[in-house]
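Below: one structure, written as structure tokens.
Values in this text are rule-based calculations from the coordinates and carry no lab data. Bear in mind the structure is a predicted one, so any value in this text is a computation, not a measurement. When we count neighbours, we look across all protein chains shown, and the Cβ atoms used for this are built from the backbone with ideal geometry, even at glycine.
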Amino acid sequence: MQVFHHIRSMREALSEVRREGKRIGLVATMGNLHAAHLALVRQAQATCDCVVVSIFVNRLQFGLNEDWDKYPRTLNEDTAKLAAIGCDFLFCPEETEMYPNGMDGQTRVIVPTMTDILCGASRPGHFEGVTTVVAKLFNIIEPDEAVFGIKDFQQLAVIRRMVEDLRFPVQITAGEIVRAEDGLALSSRNSFLDEDERPRASQLYKSLRWVEAQILEGRRDYMTLADEAAEQLEAAGFKVDYMSIRHSRTLMPAAHDDREVTILGAMYTRGARLIDNISMQVPAGTLEE
Ligand code: PAF
């Protein structure tokens, strides 16, 4: 695996690959790679001839009181993991390479409206940081395909929207959520869970599954259902950011007759904010019918 710290050398290597007519895949990450990231890389390898993984802890997408400084940085371990699964290129630039003029005056890419809700409501500016850095990565790497994990459901929707609006010639592919045995979605932030919280943290997934089961049984009182799920999380000792049932594509609150819905949840533990979601097909027919 070749490792690149600079845009110029990264581009040179990729233009060689492109000349050979190879399909280039990108998996953008902030490092601290775990099984879910490696699954995204394997997914990209299945459809691309050359896979680039980027590792960059993007300060622009962290709020002032968030965990940018304590976000786990494990570049040596990450490099070994990627080399072991046959990743072709690792792109890990310094901040000055990605933001040559600093953060304040940085040109930004903004996807309006759908970034103001759910995670965007509690993390103002977060998605603007994500779309700005992902647009930069698309400009640098020019991938044919980019794979993003579905755990960050809203992020994936926002990136798809940016790609559509800005006409980026890249195919966006969703990578499935990888879970621990008790259902907790794998996340770099799980390392912030203390011993006491870790066993209870899977309540987020359990409550999402509970909502899914209730919908399958015919309940369509989505607001009440979400409130009940939030109460379960509170009873397990967590502060709830949101629990919500949304239309899978628009992310608007799900209507009674929507067929494709996603149940999304976000909660605060002592040291982290965890998110998870489940998408489902709503069967016709309700309890009332
Ligand atoms: O999902 C992530 O790890 C980040 O938001 C991303 C897409 C790498 C952008 O920094």
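Note on the chain: with a GNM built from Cα contacts shorter than 10 Å, the maximum mean-square fluctuation among Gln45, Gln171, Gln154 falls on Gln171.
Regarding the chain, what's the average projected area of the Cα-atom convex hull, expressed in nm²? Each step should come with its number before you reach the end.
Values: hull surface 62.4 nm².
The Cα convex hull of the chain, projected and averaged over all directions, gives 15.6 nm².
Computed from label points 7 Å out along Cα-Cβ, the spacing between Ile117 and His247 is 0.8 nm.
Within region 117-216, all pairs of alpha-carbon atoms sorted by distance into 10 Å bins from zero give the percentages 13, 35, 33, 17, 2.
Ranked from largest, the principal axis spans of the Cα set of region 1-90 equal 46, 28, 20 Å. Under 5 Å from the amide H of Gln171 lie the amide H atoms of Glu145, Ala146, each residue being 5 or more positions distant or on a separate chain, with H modelled from the backbone and absent for Pro and chain starts. Between Asp221 and Glu234, the simple spin-label model (points 7 angstrom out along Cα→Cβ) gives 1.7 nm. Gyration tensor over the Cα atoms of region 181-289: the corresponding equivalent ellipsoid has semi-axes (square roots of 5 times the eigenvalues, largest first) of 27, 13, 11 Å. Computed over the chain with a Gaussian network model linking Cα atoms closer than 10 Å, the most mobile of Asp241, Asp104, Asp194 is Asp104.
The Cα atoms of region 232-289 cover 42, 25, 14 Å along the three principal axes, with the biggest extent listed first.
With each run of n ≥ 4 DSSP H residues scored as -39500 (n - 2.57), what mean residue ellipticity at 222 nm is computed for the chain after dividing by its residue count and rounding to the nearest 500 deg cm²/dmol?
Working: 10 runs with 106 residues, N = 289.
Counting only the DSSP helices, I get -11000 deg cm²/dmol.
State the antiparallel share, in %, of DSSP beta bridges confined to the chain, rounding to the nearest 5. Mind showing how you got there, number by number?
Details: 19 of 38 bridges.
Bridges in the chain are about 50 percent antiparallel.
Distance between the pseudo-spin-label points of His5 and Arg209 (7 Å out from Cα toward the beta carbon): 4.5 nm. Taking amide H atoms as placed 1.01 Å from N in the peptide plane, the amide H of Arg179 lies under 5 Å from those of Leu186, each 5 or more residues away in sequence or on another chain. For Lys22, the lysines whose Cα comes closer than 28 Å to its Cα, not counting residues fewer than 8 places off in the same chain, are Lys81, Lys136. For Met30, the residues 5 or more places off, or on other chains, whose built amide H falls under 5 Å of its own are Phe56.
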